[in-house]
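Here, each number is a calculation from the coordinates, and none is a lab measurement. Keep in mind that what you see is a predicted model, and the values were worked out from it rather than measured. Cβ coordinates were reconstructed from backbone atoms using ideal geometry, including for glycine residues, and neighbour counts include every protein chain displayed.
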């Protein structure tokens, strides 16, 4: 993805985010150094820097539903090995 495409996606994300930022407890923050939206301190949405894909945290049943309808890809958080 070129930088113009990414910038356009990130701009759209923040334009859409404005309605969420008006809600109590929703703030702009960072996750691993990347800008994101947080609800009561917990991450819930961002734009992935490499692909420009939208990443959202959903309950497990919604992830399964989206997968059945081929409307997304489930990501598994991996814990670092110490």
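A few notes on this one:
- Cα gyration tensor shape for the chain, rounded if a/c is under 1.5, else prolate or oblate: rounded
- Sites residue 50 and residue 19, calculated FRET efficiency, Cβ-Cβ separation with R0 25 Å, nearest 0.05: 0.40
- Taking 25, 67, 33 in turn, the Gaussian network model of the chain (Cα-Cα springs below 10 Å) assigns the largest fluctuation to 33.
- Extending 7 Å from the Cα toward the beta-carbon at both residue 61 and residue 6 defines two label points whose distance is 3.7 nm.
- Neighbour-count ranking [beta-carbon atoms within 10 angstrom, fewest first] of 61, 53: 61, 53
- Potential lengthening between residue 42 and residue 27 on full extension [0.36 nm per residue; Cα-Cα distance subtracted]: 4.4 nm
- Taking 56, 26 and counting other C-beta atoms within 10 Å, the order from fewest to most: 56, 26
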